[in-house]
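Visitor: Supplied in structure tokens, the structure appears directly below.
The values are calculated or read from the model by the stated rules, or taken from the named source; none is laboratory data. These figures come from a predicted structure and were not determined experimentally. Using ideal geometry, Cβ is built from the backbone for each residue, glycine included, and neighbour counts are taken over all protein chains shown.
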């Protein structure tokens, strides 16, 4: 909302610099995005002039050489390109030193060899109109040399306000003036609708209005004007529209816009003679009905859109946009001025459905009070009579339930609630003052105030809390408020175990040299194929966005691998070698079906990494992570469509049976190639599941009182036997005294038979109650060797 | 005999003092004190001497043996010291070469690092951390947070819809309701997480991160909100920061305020012609929205112990991206999502 300060000051003029006023407004809840300047600068160089002579330029067909009286008998030669300039005209003159509305500074110049000491101005050069066809001709009573700023609104600061959706009353200059009054205490002048030249007798306006859709149109008011002369609006009105960012069109249309900008009530002017059958019906559209709106677009509407129709069909989309069939035109002489109230939700829906947002719909969709319709009529009537030469047909059409608005709400504001909620002492009389300045009425009660809500705040202020907000913002939530901390009553801030472990998991990878990335939750649908996911793969069960930013972001990701590959490629393409990356974030899986109690898809927190190298490189990081979390993980050969089939594993936790919580492996060469990557490996785990299996509180184990006994064996088995199977057998045979068994070397080659593998295994024996000797361990070792021979065809090597 | 002992002593002392290395010294030790050396032989042969010579000879030989032993030990130390000196001189390296093997170091993403930093501040203030679903029902995302049916945030232009009743959450606020359903007051929570809005330009990405705060008790005031956010602002942006509350409107708080923090840039250090990148010379920079929980929100969870007449609280929500960018001078939001390693390495 753009509010010209010059216009605002007509109703409330705080004795403050504009910047300070803006700060006061901002600190009381009306956000000021910026302060702009509209119009020209260096006003002292703009004067009224009178053209004494205007002669053809000798060397230019389109230029005239004028001699202009610019006051005090001074005559200035000005070369002018306007076709209409003529001797005797009173004109607006910019002398050298002027700064035009577009910021250019005027200097003395030579035009086709002749000196020119300034410019005779057209409207657009002053920013008070859009007309550039010719010079602006002023009233002849004006004295040459008098300051132009005294005649025309040449210059104003404009407050660019961000009006919050609960305050449609501030989408009008007077509403902002009321805020300025409340924020500064400066006097508020009477509302512009206090004086209404209109009447409410029952005379015939020459048109009938029937509201069929009473729920969608609570109030419809109209007044009729005859003898209207369509023409341009006066400069002061055009200047205000321009400063507000609107293009002047003609006096009647400009009046409708001006009234809306002042009162927040949108208006619409019909050419009364173009209303077919002298009858307007406000009704729901029939499905598929078409309306041609003011912008010349044909719009097809559904049965919930509210139309204004005459006997020839729809003329307007109520509350959104007028139609071109009955709009005011140059030959219009009779005008029907409409001010109505529309159902906010329906206007909002219509505006969305049609993709059509207008200044009117932006106001109606926030909910205007029905009372405001007559406010608009009052101001419009006054301006129609002043500016268009119109005569007013007595009487006002006023139909709909809104013509008898509800009694204003009276809310109790308890003193103790004000203090209790804000934490600062505000007296009852202070509260009353703030509320009264905003247009609320207050009455003393034993525990506080009874507050009557004015119509324009009816939707916004419905509870005590709303009143407290009004008091708080005007009292100064910032300056007056102490800074205290909640008493907390034993609330302890602590990370939940899962949160602590998640941090730990991330920190381990960072500590081992991986960089964390943050990828997109969105997945392009084509990615499933690129990851070679089969038709029934559960990761194809995406949560699908109905209205994505683009088709490439229509799916929610079901794996982190896509993000990781994208980031790896981004960096590789820029010559940045990656040591390895990981992401810790959500994945989303659609469910087969949803019920009353299960309405949302499955989400879990996943952790995935992509590293250069092979499955063992990836597994090394994953094992470090699992160890850090004290989770026993096991690995079993398994395949994933995006991994190398012979070099990938399922990650499992628990036993009887183990639960699969992720995968690890070489990225499939076709996938890696698709992302322009060399050999990379990856893993991804369901971190929620892993963290849930973590041993949170390790219990002390005596490992120091008695030394352990270490021994290595090398065992040769068929190369198809997994090391994990060998170790399982070793552990089973080793019994309680075998504390650890792990593979530390693998050999295949000349020294053993083809098709066989030698595994070097480190055995650690320990007893809780004594120092073990060879005599204890030798039989166990024999038992292990024997078990390996029997179960797995293993032979002791060397 | 004592004469011979004195000669041996003189000879040995001279040789030991002149020894040039540990090996030579060892040879001397063997020559003078070894099993076959003359001096030990003299001592062993004491018994064969006439009784009157035994005492003086034995005494003299022992004295000499002890003296030589001492001398050898002393000389050995001298020599070892010298040899170590030489060794150390030979060991000199160029210490400006890098450590080996290099220990790789990764980095947390700036968003994670910032999130944790903020979390830690609120943990210290007694808040716990809750998380909620990112794919959320319209009920939790809008209805129960008092959004009018026509509130523009509900528009399909602004919000991602999965179905008519399910959206990608547009803020972390739905967890306010879920948390209150799960636990009676008092409640002190922050809720970090990923949120989504249909925006994509220099200052908006369709996905971003927020941290929600919620404190509900019998006597929480707006002044408590101010104090809490002041503590937060000082922890994150510097101990001499101030906060400024500007009244605003949010559907689920009443009163609502936007919160500015005083600019943390050194304003005198840049030329006056250049506007401050952080506050545009206004001295203040907006960091979050907040307010007192609207009674209507409580009425949605009244059955869980949240009677709007008996309890009250504050809520706030901030963008992690914004805090991170302000604090570290990151000029473009999209840098956070490019994940270029040259960016990643600078933070965390």
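Visitor: Restricting attention to region A:572-588, which residues are at the interface with chain B (Cβ under 10 Å from one of its Cβ atoms) and under 24 Å from residue A:687 (Cβ atoms)?
Guide: A:578, A:579, A:580, A:581, A:582, A:583, A:584, A:585, A:586, A:588
Visitor: Which residue out of B:127, B:142 is touching a strand residue (DSSP E or B) at 6+ places or on another chain (Cβ under 9 Å) and closer than 28 Å to residue A:542 by Cβ? Don't jump to the end; show me each part of the working.
Guide: Numbers: B:127 fails: closer than 28 Å to residue A:542 by Cβ.
Step by step, each of B:127, B:142 is checked, and only B:142 is touching a strand residue (DSSP E or B) at 6+ places or on another chain (Cβ under 9 Å) and closer than 28 Å to residue A:542 by Cβ.
Visitor: Tell me whether region A:423-440 contains one or more residues that are over 14 Å from residue A:340 (Cα atoms), free of Cβ contacts under 8 Å to residues at least 24 places away in the same chain and surrounded by 20 or more Cβ atoms within 10 Å (Cβ to Cβ).
Guide: Going through region A:423-440, the residues over 14 Å from residue A:340 (Cα atoms) turn out to be A:423-440.
Add one more test, that the residue is free of Cβ contacts under 8 Å to residues at least 24 places away in the same chain, and what stays is A:425, A:427-429, A:432-433, A:436.
Subset that is surrounded by 20 or more Cβ atoms within 10 Å (Cβ to Cβ): A:432.
Yes.
Visitor: Among the candidates A:595, A:558, which residue alone is more than 8 Å from chain B (Cβ to nearest Cβ) and within 26 Å of residue A:687 (Cβ to Cβ)?
Guide: One residue alone meets the criteria, A:558.
Visitor: Before we move on, is residue B:171 part of a loop (DSSP other than H, G, I, E, B), at pLDDT 95 or above, touching a strand residue (DSSP E or B) at 6+ places or on another chain (Cβ under 9 Å) and more than 7 Å from chain A (Cβ to nearest Cβ)?
Guide: Details: part of a loop (DSSP other than H, G, I, E, B): yes; at pLDDT 95 or above: yes; touching a strand residue (DSSP E or B) at 6+ places or on another chain (Cβ under 9 Å): yes; more than 7 Å from chain A (Cβ to nearest Cβ): yes.
Yes; evaluated as a whole, the condition is true for this residue.
Visitor: What residue, among those in region B:312-340 that are in contact with a helix residue (DSSP H, G or I) (Cβ under 8 Å, 6 or more places away or on another chain) and part of a loop (DSSP other than H, G, I, E, B), is farthest from the other protein chains (Cβ to nearest Cβ)?
Guide: So the residue we want is B:331.
Visitor: Being facing chain A (nearest Cβ under 7 Å), surrounded by fewer than 18 Cβ atoms within 10 Å (Cβ to Cβ) and more than 36 Å from the chain's Cα centre (by Cα) is the filter here; which residues of region B:115-150 pass it?
Guide: B:149
Visitor: Further, regarding this structure: One residue is enough: does region B:73-86 have a residue meeting the conditions assigned to a helix (DSSP H, G or I) and either in the same structural domain as residue B:337 (by TED's automatic domain parsing) or over 60 Å from the mean Cα position of the chain (by Cα) (or both)?
Guide: No, region B:73-86 contains no residue that is assigned to a helix (DSSP H, G or I) and either in the same structural domain as residue B:337 (by TED's automatic domain parsing) or over 60 Å from the mean Cα position of the chain (by Cα) (or both).
Visitor: Please verify whether region A:379-390 includes one or more residues that are within 14 Å of another protein chain (Cβ to nearest Cβ) and in a loop (DSSP other than H, G, I, E, B). Explain how you work it out, then say what you get.
Guide: From region A:379-390, those within 14 Å of another protein chain (Cβ to nearest Cβ) are none; that's our starting set.
Among the residues of region A:379-390, not one is within 14 Å of another protein chain (Cβ to nearest Cβ) and in a loop (DSSP other than H, G, I, E, B), which makes the answer no.
Visitor: Hey, any hits in region A:667-676 for a residue that's modelled with pLDDT of 95 or more, under 23 Å from residue A:719 (Cβ atoms) and part of a strand (DSSP E or B)?
Guide: No, every residue in region A:667-676 fails to be modelled with pLDDT of 95 or more, under 23 Å from residue A:719 (Cβ atoms) and part of a strand (DSSP E or B).
Visitor: Mind listing whichever residues of region A:441-467 are more than 36 Å from the chain's Cα centre (by Cα), assigned to a loop (DSSP other than H, G, I, E, B) and in contact (Cβ under 8 Å) with a residue 12 or more places away in the chain?
Guide: A:447
Visitor: Collect the residues in region A:653-671 that are in contact (Cβ under 8 Å) with a residue 24 or more places away in the chain and over 15 Å from residue A:694 (Cα atoms), keeping them in residue-number order. Talk me through it step by step, then tell me what you get.
Guide: Within region A:653-671, the first condition is being in contact (Cβ under 8 Å) with a residue 24 or more places away in the chain, and the residues that meet it are A:653-654, A:658-659, A:661-671.
Matches in region A:653-671: A:662, A:663, A:664, A:665, A:666, A:667, A:668, A:669, A:670, A:671.
Conditions (1) part of a helix (DSSP H, G or I); (2) surrounded by fewer than 20 Cβ atoms within 10 Å (Cβ to Cβ); (3) touching a helix residue (DSSP H, G or I) at 6+ places or on another chain (Cβ under 6 Å); (4) more than 9 Å from chain A (Cβ to nearest Cβ), marked per residue:
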position: B:274; (1), (2), (3), (4): no, yes, no, yes
position: B:299; (1), (2), (3), (4): yes, yes, no, yes
position: B:310; (1), (2), (3), (4): no, yes, no, yes
position: B:342; (1), (2), (3), (4): yes, yes, no, no
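Visitor: Restricting attention to region A:285-316, which residues are closer than 21 Å to residue A:218 by Cα and assigned to a strand (DSSP E or B)?
Guide: Correct list: A:306, A:307, A:308, A:309, A:310, A:314, A:315, A:316.
Visitor: Out of curiosity, is residue A:207 in contact with a helix residue (DSSP H, G or I) (Cβ under 6 Å, 6 or more places away or on another chain), crowded, with 18+ Cβ neighbours inside 10 Å and farther than 30 Å from residue A:433 by Cα? Steps first, please.
Guide: Numbers: in contact with a helix residue (DSSP H, G or I) (Cβ under 6 Å, 6 or more places away or on another chain): yes; crowded, with 18+ Cβ neighbours inside 10 Å: yes; farther than 30 Å from residue A:433 by Cα: yes.
The answer is yes for residue A:207.
Every residue, every condition in (1) over 36 Å from the mean Cα position of the chain (by Cα); (2) closer than 17 Å to residue A:11 by Cα; (3) touching a residue at least 60 places away in the same chain (Cβ under 8 Å), yes or no:
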{"residue": "A:214", "(1), (2), (3)": "no, no, yes"}
{"residue": "A:237", "(1), (2), (3)": "no, yes, yes"}
{"residue": "A:242", "(1), (2), (3)": "no, no, yes"}
{"residue": "A:249", "(1), (2), (3)": "no, no, no"}
{"residue": "A:254", "(1), (2), (3)": "no, no, no"}
{"residue": "A:262", "(1), (2), (3)": "no, yes, yes"}
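Visitor: For region B:220-250, what are the residues that are within 23 Å of residue B:183 (Cβ to Cβ), within 9 Å of another protein chain (Cβ to nearest Cβ) and touching a helix residue (DSSP H, G or I) at 6+ places or on another chain (Cβ under 7 Å)?
Guide: B:221
Visitor: Considering only region B:169-183, I want to know if a residue exists there that is over 25 Å from residue B:220 (Cβ atoms) and either surrounded by fewer than 20 Cβ atoms within 10 Å (Cβ to Cβ) or not assigned by TED's automatic domain parsing to the domain that holds residue B:251 (or both).
Guide: no
One line per residue, one yes/no per condition, for (1) assigned by TED's automatic domain parsing to the domain that holds residue A:393; (2) over 30 Å from residue A:149 (Cα atoms); (3) crowded, with 22+ Cβ neighbours inside 10 Å:
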residue: A:230; (1), (2), (3): yes, no, no
residue: A:258; (1), (2), (3): yes, no, yes
residue: A:264; (1), (2), (3): yes, no, yes
residue: A:278; (1), (2), (3): yes, yes, no
residue: A:288; (1), (2), (3): yes, yes, no
residue: A:294; (1), (2), (3): yes, yes, no
residue: A:329; (1), (2), (3): yes, yes, no
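Visitor: Taking region A:508-539, which residues are part of a helix (DSSP H, G or I), touching a strand residue (DSSP E or B) at 6+ places or on another chain (Cβ under 9 Å) and more than 10 Å from every other protein chain (Cβ to nearest Cβ)?
Guide: Answer for region A:508-539, where residues must be part of a helix (DSSP H, G or I), touching a strand residue (DSSP E or B) at 6+ places or on another chain (Cβ under 9 Å) and more than 10 Å from every other protein chain (Cβ to nearest Cβ): A:527, A:528, A:538, A:539.
Visitor: Would you check which residues across region A:183-204 are crowded, with 19+ Cβ neighbours inside 10 Å and in contact with a strand residue (DSSP E or B) (Cβ under 8 Å, 6 or more places away or on another chain) and list them?
Guide: If the condition is that a residue be crowded, with 19+ Cβ neighbours inside 10 Å and in contact with a strand residue (DSSP E or B) (Cβ under 8 Å, 6 or more places away or on another chain), then A:198 is the only one that fits.
Visitor: Taking the condition at the interface with another protein chain (Cβ under 10 Å from one of its Cβ atoms), touching a residue at least 40 places away in the same chain (Cβ under 8 Å) and surrounded by 20 or more Cβ atoms within 10 Å (Cβ to Cβ), does residue A:505 pass? Before the answer, list the steps.
Guide: Details: at the interface with another protein chain (Cβ under 10 Å from one of its Cβ atoms): no; touching a residue at least 40 places away in the same chain (Cβ under 8 Å): yes; surrounded by 20 or more Cβ atoms within 10 Å (Cβ to Cβ): yes.
For residue A:505, the condition - at the interface with another protein chain (Cβ under 10 Å from one of its Cβ atoms), touching a residue at least 40 places away in the same chain (Cβ under 8 Å) and surrounded by 20 or more Cβ atoms within 10 Å (Cβ to Cβ) - is not met.
Visitor: Which residues, taken from region B:103-114, are at pLDDT 95 or above and either surrounded by fewer than 19 Cβ atoms within 10 Å (Cβ to Cβ) or more than 23 Å from the chain's Cα centre (by Cα) (or both)?
Guide: Matches in region B:103-114: B:113 only.
Visitor: Is it fair to say residue A:350 is within 31 Å of the chain's Cα centre (by Cα), more than 14 Å from every other protein chain (Cβ to nearest Cβ) and over 21 Å from residue A:385 (Cα atoms)? Spell out how you get there, then give the answer.
Guide: Numbers: within 31 Å of the chain's Cα centre (by Cα): yes; more than 14 Å from every other protein chain (Cβ to nearest Cβ): no; over 21 Å from residue A:385 (Cα atoms): yes.
No: the conditions fail for residue A:350.
Visitor: May I pose another question? Of all residues in region B:32-75, count the ones that are without any contact (Cβ under 8 Å) to a residue 12 or more places away in the chain, surrounded by 13 or more Cβ atoms within 10 Å (Cβ to Cβ) and closer than 17 Å to residue B:16 by Cα.
Guide: Within region B:32-75, residues that are without any contact (Cβ under 8 Å) to a residue 12 or more places away in the chain, surrounded by 13 or more Cβ atoms within 10 Å (Cβ to Cβ) and closer than 17 Å to residue B:16 by Cα number 2.
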